[in-house]
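The values are calculated or read from the model by the stated rules, or taken from the named source; none is laboratory data. Keep in mind that what you see is a predicted model, and the values were worked out from it rather than measured. Positions of Cβ are backbone-derived with ideal geometry, glycine not excepted, and every protein chain shown enters the neighbour counts.
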Amino acid sequence: MEKVITMAHGSGGKTTGELIGAIFANEFDNEILNRMEDAAAVDGSKRIAMTTDSFVVTPLEYPGGDVGRLCICGTVNDLLSRGAIPKYITCGFILEEGLETETLKRIVHSMAETAREANVIIVAGDTKVIEGNGGLYINTAGVGFFDYDREISAEDAKDGDAILVSGTMGEHHATILGSRMSIANDIESDNAPLTDIVGALLKNKVDVHVLRDITRGGLATVLKELAKASESTFVVEDEKIPVSPQVRDFCGLLGLDPYYMGNEGKMVCIVDAKYADKALEIMKASKYGQDAALIGYVQKNEAAEKGMLYSKTSIGGLRNLDILQGEGLPRIC
């Protein structure tokens, strides 16, 4: 293998075959992918969930993760947000000329490890090479099955429901921004597949009404979108939003608001209030839910405003929160 990606790697000829064999086929080894057909033939079900996403993060590798881990986590968590159990993933790679092959090997290895952790199979892929400066972009598609007799939707929040989050806010955003600005700290990205959390909630028959992973735009944007979709009012409490001391200090240094910090391994879970304690216990027992918290409640009745999000401040006031306005720098996925 050459040390960097060249335009020849995108020719479709011998060099392309060497790249696929040496890096992708080696890491993504499974009986479906190994057939190297133009399309994968897989077992299906009557009803499936599908998603697609593209990942353009810079830098490609950062404390706690890389674009390979990120793309698997992002795809898996989107499927989980509908209550589907992720099963299959495809991935398309856009490689810029000059990308070091050792960097590509590490990222593909990370993808393979994360896919195994999330219990998904990478069944198909594509590679293209373009002129550039050593960058890498990944597009994924994911398929999940509804193994449980329910479908979860953003519209399903009910009056009195409890609003929970699976952990602390802002680690991924702070990690990417800190890496770009060379700000020394010990913050690491939270990029993680939330398969265990969602699977445990459904297996234990928690009455889950809404799930949503908290990514670009942060917690406030996600909650506002859910409030609008369900025509409800959401009320959360500032002091109950989990934020690590390191991220809080980082936000204070740069004037950032944790409500609008992006994440890649956190989820909002809205459940019938009778199940709030059980849901919180299940989350906290998970590898990626130890800092889970109950942060507020849903109001959905004749007196409640529709599509509103309020936070109770530490001095007892109400703050009207909206979706992120303008560009949420930096681009984090």
Report, by residue number, each residue of the range 108-129 that is outside any helix (DSSP H, G or I) and either over 16 Å from THR51 (Cβ atoms) or hydroxyl-bearing (Ser, Thr, Tyr) (or both). ASN119, GLY125, ASP126, THR127, LYS128, VAL129
Quick check: anything in the range 283-294 over 22 Å from the mean Cα position of the chain (by Cα) and in the same structural domain as MET181 (by TED's automatic domain parsing)? no
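To keep it simple, each residue is scored yes or no on (1) over 30 Å from ALA41 (Cβ atoms); (2) of a type outside the set (A, V, I, L, M); (3) surrounded by fewer than 15 Cβ atoms within 10 Å (Cβ to Cβ).
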site	(1), (2), (3)
ALA124	no, no, no
LYS128	no, yes, yes
GLU131	yes, yes, yes
TYR137	no, yes, no
GLY142	no, yes, no
PHE145	no, yes, no
ASP149	no, yes, yes
LYS158	yes, yes, no
ALA162	yes, no, no
Confirm whether ILE85 is within 30 Å of LYS203 (Cβ to Cβ), of a type in the set (Val, Ile, Thr) and not assigned by TED's automatic domain parsing to the domain that holds LEU202. yes
Filter result (free of Cβ contacts under 8 Å to residues at least 24 places away in the same chain and of a type in the set (A, V, I, L, M)) within the range 184-221: ALA184
All positions within the range 190-211 that are assigned to a loop (DSSP other than H, G, I, E, B), over 18 Å from the mean Cα position of the chain (by Cα) and among the charged types (D, E, K, R): LYS205, ASP207
Residue in the range 130-150 that is modelled with the highest pLDDT, counting only those that are more than 20 Å from PRO59 (Cβ to Cβ) and not in a strand (DSSP E or B): GLU131
Residue within the range 56-73 that is over 30 Å from SER182 (Cα atoms), touching a Cys at 6+ places or on another chain (Cβ under 7 Å) and buried (at least 18 other Cβ atoms within 10 Å of the Cβ) present: no
Taking the range 165-184 and keeping residues surrounded by fewer than 22 Cβ atoms within 10 Å (Cβ to Cβ) and in a loop (DSSP other than H, G, I, E, B) leaves SER182, ILE183, ALA184
Looking for whichever is hydrophobic (A, V, I, L, M, F, W, C), touching a helix residue (DSSP H, G or I) at 6+ places or on another chain (Cβ under 8 Å) and either at negative phi or outside the structural domain of HIS209 (by TED's automatic domain parsing) (or both) here; the options are VAL42, VAL57. Which one fits? VAL57
Being assigned to a helix (DSSP H, G or I), outside the structural domain of ASP213 (by TED's automatic domain parsing) and within 17 Å of LEU194 (Cα to Cα): is that true of GLY68 here? yes
Take ILE187 and decide whether it is over 28 Å from ALA273 (Cβ atoms) and either crowded, with 22+ Cβ neighbours inside 10 Å or under 15 Å from the mean Cα position of the chain (by Cα) (or both). yes
Residue check for VAL76: crowded, with 19+ Cβ neighbours inside 10 Å, out of contact with any strand residue (DSSP E or B) (no Cβ under 7 Å at 6 or more places or on another chain) and aliphatic (A, V, I, L, M): no
With respect to GLY255, determine if the residue is within 30 Å of SER54 (Cβ to Cβ) and either at pLDDT 95 or above or β-branched (Val, Ile, Thr) (or both). no
Of all the residues that make up the range 1-43, how many are closer than 30 Å to ASP147 by Cα and outside any helix (DSSP H, G or I)? 13
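For residues that are aromatic (Phe, Trp, Tyr) and in contact with a helix residue (DSSP H, G or I) (Cβ under 6 Å, 6 or more places away or on another chain), scanning just the range 221-278, find the one that is farthest from ILE176 (Cα to Cα).
The extreme case among them is PHE234.
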